[in-house]
Amino acid sequence: MSLKNLLSHYFFLATAILAVTGWVLNIIGVSLLQKQNNGWKNKNPVSLNWFWHFYYLFCIVIFLATIAMSRVHTYRLLLLAFLTAAFVFTVLDCDGAYNRNAAGDIENNGSTSFAGLIILAITFALWIIVLGSAENSRINQAANLELPLHKRGRTSPVAGEHAPPAPGPPAVTQMHETPVTVVQP
């Protein structure tokens, strides 16, 4: 596993930073909400959401690990399924955080959670778009821009080991020799 694959691409580096920032903001906000809501009896709106927050962390870690190992092509559909489920639940959590915040049930802690969830939803949507696009599409090519220092000798982390070979000279085929008959006088 090499972090050079992750650190040498603009798109994956930027979205990794966004995802971790969104998750941390979300966890801080939900922790503060949990503390605030412990005084309420039978009305704790965030008690069952902890599973999803650790599911988001699982999706982030698995995605970044597959980028670091250059195995995204191998696990592309599995990652797409996990990230799609994470995106759906992130949007549902955003709706819940926004509605609780708009109703005045919570204070500023809900805004912190809401901001983190919005960042996570945007990051998951970007990853879904990149994973769902074809390898030779412009979206995938734009996502695989490399930093200049690591450009030489690197392969696309999305394509991994299954990247098509670089164009080179055409393959040489064997020539068939035609027998020559010598006529003697």
Checked THR15, THR21 against criteria (modelled with pLDDT of 85 or more and open to solvent by less than 30 Å² (accessible area, probe 1.4 Å)); the one match is THR15
Is it true that some residue in the range 39-56 is in contact with a helix residue (DSSP H, G or I) (Cβ under 8 Å, 6 or more places away or on another chain), modelled with pLDDT of 85 or more, closer than 15 Å to ALA121 by Cβ and surrounded by fewer than 17 Cβ atoms within 10 Å (Cβ to Cβ)? yes
Counting only residues in the range 68-86 that are out of contact with any Phe, Trp or Tyr (no Cβ under 9 Å at 6 or more places or on another chain) and assigned to a helix (DSSP H, G or I), the one nearest to GLY116 (Cα to Cα) is identified as ALA81
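The values are calculated or read from the model by the stated rules, or taken from the named source; none is laboratory data. Being a predicted model, the structure only gives us computed values, none of them experimental. Every residue, glycine as well, gets a Cβ built from its backbone with ideal geometry; the counts of neighbours run over all protein chains shown. These area figures cover heavy atoms from the full protein model, side chains too; ligands, DNA and RNA do not enter into them. Shrake-Rupley method; radii C 1.70, N 1.55, O 1.52, S 1.80 Å.
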